[in-house]
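A short write-up of the structure that comes next.
The values are calculated or read from the model by the stated rules, or taken from the named source; none is laboratory data. Being a predicted model, the structure only gives us computed values, none of them experimental. Using ideal geometry, Cβ is built from the backbone for each residue, glycine included, and neighbour counts are taken over all protein chains shown. For the accessible areas, the whole protein counts, side chains as well, though only heavy atoms, and no ligand, DNA or RNA atoms are used. Shrake-Rupley method; radii C 1.70, N 1.55, O 1.52, S 1.80 Å.
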Amino acid sequence: SLNDGKINIIYSDGTSNIEKLIRYISKSTDDENDEKSSISSSITTIALNNTNVLLKDAPDSLKPLNGSYTCDAIIAFPETHKVKFSDVYITLPEGRGNIETDILLSIGNGDFSLQGDVTLQKCSLLWVYKWIKSNTMLPYKSFTGTIRKLSISDNMVEGFVKGTSLLSDSRRVKVDGLARVNLKGETVFISNVKGSINSSSFKLNELLFN
């Protein structure tokens with residue numbers, strides 16, 4: 001376990017040191033006569049407690065994620081090229097809110113995917129707009145609720161969002177729909193959104209920001 005530790009995420013040639021480490025630990029060989037590394041054969045779980053994770057100088061497509069995170073988690077390696085994160089609690093940088101989740105990381109040849117359900121507590125949405133090329137600013141300031149079937153890859157984030165958002169005029173709106181962020185294309189797409197403000201309700205079929 002790592003208690004009150006510090007982890008720096010550093011990118012080199014588009015790949016982070018954390019990704020390289022996870023790939024190394026979770027890998028296996030195709031040669032039955034070869035053994036897994038001493039690290040991968042001896043580590044089954046890792047516990048993080050009040051661990052500071054610093055991400056800076058991220059690639060352009062991930063720059064909005066730069067900052068200092070505080071993380072609690074149990075990390076397990078259930079099978080080749082898969083990593084399970086359980087009892088995860090993350091405090092986002094600059095007071096952006098908190099995240100709770102159990103999520104599975106799958107590692108492919110040069111790519112990855114994260115899948116699971118997520119609970120968000122007073123998470124700021126203002127930094128998400130940094131992925132939009134134009135100066136468009138949506139009225140949503142923060143969000144509290146859940147994201148079901150969250151899927152994250154190296155170029156896409158999407159999931160079914162349900163919860164309450166705080167608007168720029170301090171009103172609150174309940175929302176339920178699909179949200180998709182194209183990291184490389186720098187677009188935000190929302191679809192089939194149902195919402196309500198006080199006694200008024202609305203439905204939004206599709207909306208794309210770039």
| note | By residue number, the members of region 107-122 that are farther than 18 Å from Leu183 by Cα, open to solvent by 60 Å² or more (accessible area, probe 1.4 Å) and either modelled with pLDDT under 85 or in a helix (DSSP H, G or I) (or both) are Asn109
| remark: When (1) farther than 21 Å from Asn66 by Cα; (2) open to solvent by less than 50 Å² (accessible area, probe 1.4 Å) are applied to Phe160, the one that fails is (2)
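So that you can scan it fast, the table gives a plain yes or no per residue for (1) in contact (Cβ under 8 Å) with a residue 40 or more places away in the chain; (2) under 15 Å from Asn49 (Cα atoms):
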{"residue": "Tyr69", "(1), (2)": "no, yes"}
{"residue": "Phe77", "(1), (2)": "yes, no"}
{"residue": "Val83", "(1), (2)": "yes, no"}
{"residue": "Ser86", "(1), (2)": "no, yes"}
{"residue": "Thr91", "(1), (2)": "no, yes"}
{"residue": "Arg96", "(1), (2)": "no, no"}
{"residue": "Glu100", "(1), (2)": "no, yes"}
{"residue": "Leu104", "(1), (2)": "no, no"}
{"residue": "Trp127", "(1), (2)": "yes, no"}
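Conditions tested, residue by residue: (1) at pLDDT below 80; (2) open to solvent by less than 50 Å² (accessible area, probe 1.4 Å); (3) on the phi < 0 side of the Ramachandran plot.
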{"site": "Ser124", "(1), (2), (3)": "no, yes, yes"}
{"site": "Thr144", "(1), (2), (3)": "no, no, yes"}
{"site": "Asp154", "(1), (2), (3)": "yes, no, yes"}
{"site": "Leu167", "(1), (2), (3)": "no, yes, yes"}
{"site": "Arg172", "(1), (2), (3)": "no, no, yes"}
{"site": "Val193", "(1), (2), (3)": "no, yes, yes"}
{"site": "Glu206", "(1), (2), (3)": "yes, no, yes"}
| query | For Thr91, are the conditions met, namely being buried (at least 16 other Cβ atoms within 10 Å of the Cβ) and either out of contact with any helix residue (DSSP H, G or I) (no Cβ under 9 Å at 6 or more places or on another chain) or at pLDDT 90 or above (or both)? | reply | yes
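Scan region 133-142 residue by residue and report those that are outside any strand (DSSP E or B) and modelled with pLDDT of 85 or more.
Kept after step one, since they are outside any strand (DSSP E or B), are these residues of region 133-142: 133-139.
The answer is none; no residue qualifies.
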| task | Provide a single number: the residues in region 54-67 that are open to solvent by less than 60 Å² (accessible area, probe 1.4 Å) and either without any contact (Cβ under 8 Å) to a residue 12 or more places away in the chain or assigned to a strand (DSSP E or B) (or both). | result | 4
| query | What is the number of the single condition among (1) surrounded by fewer than 16 Cβ atoms within 10 Å (Cβ to Cβ); (2) at pLDDT below 85; (3) not in a helix (DSSP H, G or I) that Lys130 does not meet? | reply | (3)
| message | Pairs please, first residue from region 144-166 and closer than 20 Å to Gly108 by Cα, second anywhere and in a loop (DSSP other than H, G, I, E, B), Cβ atoms under 7 Å, 6+ apart in sequence or on different chains. | response | Ser153/Asp111; Asp154/Asp111; Asn155/Leu183; Asn155/Lys184; Met156/Leu183; Val157/Leu183
| Test for Phe189: is it in contact with a helix residue (DSSP H, G or I) (Cβ under 9 Å, 6 or more places away or on another chain), at pLDDT below 85 and not β-branched (Val, Ile, Thr) | no
| If the Cβ limit is 9 Å and pairs must be 6+ apart or interchain, which residue in region 8-19 that is closer than 9 Å to Pro59 by Cα and in contact (Cβ under 8 Å) with a residue 12 or more places away in the chain pairs with which residue that is not acidic (Asp, Glu) and not in a strand (DSSP E or B)? | Tyr11/Asn17; Tyr11/Ala58; Tyr11/Pro59; Tyr11/Leu62; Gly14/Pro59
| note | Just one listed residue, out of Thr51, Thr80, Thr45, is β-branched (Val, Ile, Thr), open to solvent by 60 Å² or more (accessible area, probe 1.4 Å) and farther than 21 Å from Gly14 by Cα, and it is Thr45
| query | Just for region 174-186: of the residues that are part of a loop (DSSP other than H, G, I, E, B) and surrounded by fewer than 18 Cβ atoms within 10 Å (Cβ to Cβ), which one is modelled with the highest pLDDT? | reply | Lys184
